[in-house]
Structure formats: structure tokens, C-alpha cells
Amino acid sequence: MIASAASAAQAPRPAHGLAAGIAAALLGALVFGFIQGKIGHRGQEVGYWALCIGLLTGAALGKLGGRAPLLALIGIPLAVVGVSVAQLLGVAVLMGDESSWPTTDTLIGHFGLVRDH
């Protein structure tokens with residue numbers, strides 16, 4: 001009885017892992033993008049933020065998704081998207097600080113300028 005309860009608790013749940021991975025990638029992108037935008041005007045760049053987003057995404061996928069093999073393949077592009085969003089957000093925060101535009105207007109209304117930066 002105890003063995004079946006333990007195996008049921010550790011059964012792979014890819015849907016939970018995917019939801020947690022998406023949330024972790026977005027949370028990491030928001031945090032590190034904001035930090036990058038705030039210190040970017042000094043010409044500095046946080047070099048480890050990409051690694052942190054990847055680790056955070058992978059940990060969330062593995063912890064809540066279990067050992068589902070598909071999650072390993074999904075985790076790579078998910079982390080890359082998280083890093084890309086962090087980079088775009090960092091540029092938008094930096095451009096918003098240097099101009100009179102709010103960050104949301106910079107990111108949405110002037111996306112071409114953010115993308116070209």
C-alpha cells in the first residue's frame with residue numbers, strides 16, 4: 001500500500017511541469033530583464049542571467065513534471081524564449097529610462113526600436 005502511494009506521487013505529470021516551466025521562464029525573464037535594464041545604462045551586462053533563467057526553467061520542469069522525456073526537449077526552447085524576453089525587456093526598460101516613454105509603451109508601441117537595439 002505504501003509503495004503504490006509513493007509511486008503514484010512520483011508519476012510524471014508533464015502538464016504540471018510545462019505550466020511550471022512557462023511560469024519560471026516568464027518570472028526569470030521579468031526579474032532579470034528588469035535588472036538588466038536598470039544597470040544597462042552603465043554599460044554593464046549581467047552575464048549569468050541566461051544561465052539562471054535556464055536553470056530555473058529546467059528545475060521547474062523537472063520538479064513538477066517528473067521524468068517525462070518530452071519535458072527535456074521542451075525545456076531548451078522554453079529557456080531560449082525566456083532569455084529572449086529578458087533581453088527585450090531589458091532594452092525596453094533601458095530605453096524607457098533614457099526617454100520619456102513608460103516601459104510598457106516602449107515595449108509595445110515602439111517594439112521596432114527595441115528589436116533593432
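Table for the structure above
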| item | result |
| --- | --- |
| Odd one out for Arg42, checked against (1) at pLDDT below 80; (2) surrounded by 19 or more Cβ atoms within 10 Å (Cβ to Cβ) | (2) |
| Lone qualifier among Ala79, Ala68 - being under 14 Å from Ile22 (Cα atoms) and among the hydrophobic types (A, V, I, L, M, F, W, C) | Ala79 |
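Residues checked against (1) among the polar types (S, T, N, Q); (2) surrounded by fewer than 21 Cβ atoms within 10 Å (Cβ to Cβ):
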{"site": "Ala68", "(1), (2)": "no, yes"}
{"site": "Ile76", "(1), (2)": "no, yes"}
{"site": "Ala79", "(1), (2)": "no, no"}
{"site": "Ser84", "(1), (2)": "yes, yes"}
{"site": "Gly90", "(1), (2)": "no, no"}
{"site": "Ser100", "(1), (2)": "yes, yes"}
{"site": "Thr104", "(1), (2)": "yes, yes"}
{"site": "Phe111", "(1), (2)": "no, yes"}
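The values are calculated or read from the model by the stated rules, or taken from the named source; none is laboratory data. Given the structure is predicted, the values throughout are model-derived calculations rather than measurements. Reconstructed Cβ throughout: ideal geometry from the backbone, glycine too, with neighbour counts over all protein chains shown.
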